[in-house]
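I have placed the structure first, in the form of structure tokens, so that the comments after it can refer back to it.
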């Protein structure tokens with residue numbers, strides 16, 4: 001056997017062209033099964049509600065919820081009963097809270113790792129603040145910051161801040177000592193070591209925190225709207241509950257769920273492009289050939 005043959009035998013086998021369509025069919029099949037199961041569950045609930053005559057103010061049929069979704073989007077975008085304005089308000093609050101909370105959380109996590117004095121002095125207060133139910137703080141924020149977007153953004157920042165601070169600190173503290181020693185032996189400065197070793201090692205932890213923060217930002221916006229607000233999906237849910245329009249209320253909850261999933265998937269999309277080298281990417285996929 002020649003040297004080239006031995007080297008070629010040691011290399012991992014590349015996926016063949018025939019294997020790629022097979023993997024694609026497998027992924028499409030899995031997604032089709034998920035859609036069929038979801039539609040089947042909705043059909044089962046529809047049948048149960050119709051057969052047992054459940055009142056629509058207790059549990060509306062899925063068809064009524066779908067009609068409420070259609071009716072809300074069919075209205076004029078400028079109508080207070082339409083979803084457009086409320087989605088824009090809640091989405092703006094959630095995105096702003098996510099951006100601000102992420103920046104503050106990542107910065108605080110870096111300070112906690114780099115400065116032990118800062119960790120000893122400030123970290124107990126952060127933990128104590130995180131232990132306080134945010135629902136109890138929401139009325140105070142409405143009093144301090146008003147009924148506008150500010151109170152909802154502050155509440156969302158509090159919810160997104162802590163997961164990012166903890167994940168950033170854990171990521172920066174988990175850098176392998178051998179890598180740091182190698183950079184020190186190469187006479188690399190602190191900034192170069194941080195840019196080439198410390199930050200890349202912490203990025204998987206940071207993106208895990210960002211995915212949690214994306215859902216928490218939506219939660220913070222809605223909780224703030226429940227306490228007091230001029231608009232948003234939270235206000236719409238309260239108004240429809242007061243009018244016993246449970247189908248409309250559930251339709252608003254569906255929109256909130258889609259909004260949270262969309263934000264999380266957007267972060268996951270960026271993570272897959274930035275952390276293509278991370279082994280954890282393969283573990284988070286249903287199939288090794290599947291992108292996020």
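Every read-out reported here was derived from the displayed coordinates using simple, explicitly stated rules and does not represent laboratory data. Bear in mind that the values here come from a model prediction, so they are computed numbers and not experimental data. As a convention, Cβ positions derive from the backbone with ideal geometry for all residues, glycine included, and neighbour counts pool all protein chains shown.
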Original post:
Given the rule -39500 (n - 2.57) for each run of at least 4 DSSP H residues, summed and divided by the residues of the chain, what is its mean residue ellipticity at 222 nm, to the nearest 500 deg cm²/dmol?
Top reply: -26000 deg cm²/dmol
Original post:
Label-point separation (nm) for residue 35 and residue 191, each offset 7 Å from Cα along Cα-to-Cβ?
Top reply: 5.1 nm
**OP:** Work out how much length residue 177 to residue 242 would gain on full extension: take 0.36 nm times their residue separation and subtract the Cα-Cα distance, in nm to one decimal.
**Re:** 17.5 nm
**OP:** Kindly state, to the nearest 0.05, the FRET efficiency for residue 74 paired with residue 28, given R0 = 35 Å and r defined as their beta-carbon distance.
**Re:** 0.65
**OP:** Using only Cα atoms, tell me the angle between helix 246-274 and the longest principal axis of the chain; keep it within 0 to 90° and round to the nearest 10.
**Re:** 10 degrees
Original post:
Label-point separation (nm) for residue 129 and residue 43, each offset 7 Å from Cα along Cα-to-Cβ?
Top reply: 5.2 nm
Original post:
On a 0 to 90 degree scale, rounded to 10, what angle separates helix 116-131 from the longest Cα axis of the chain?
Top reply: 30 degrees
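Grab the beta carbon distance between residue 261 and residue 55, set R0 = 35 Å, and tell me the FRET efficiency rounded to 0.05. Provide the component values of the computation, followed by the final result.
Working: r = 30 Å, r/R0 = 0.86.
Result of the calculation: an efficiency of 0.70.
Kindly rank 77-90, 116-129 from highest to lowest mean number of other beta carbons found within 10 Å of each residue. It would help to have the intermediate numbers written out before the result.
Numbers: 77-90: 16.8, 116-129: 11.7.
Taking the mean over residues of other Cβ atoms within 10 Å, the ranking is 77-90, 116-129.
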Subject >> Kirkwood Rh, Cα atoms: Rg over Rh of the stretch 205-278 >> reply: 1.14
Subject >> Distance (nanometres) between label positions extended 7 Å along Cα→Cβ at residue 122 and residue 145 >> reply: 1.9 nm
Original post:
Taking Cα pairs under 8 Å and at least six residues apart, what relative contact order does the chain come out at, in percent?
Top reply: 22 percent
**OP:** Return one number: the angle in degrees, 0 to 90 and rounded to the nearest 10, between the long axis of the Cα atoms of helix 149-173 and the longest principal axis of the Cα atoms of the chain.
**Re:** 20 degrees
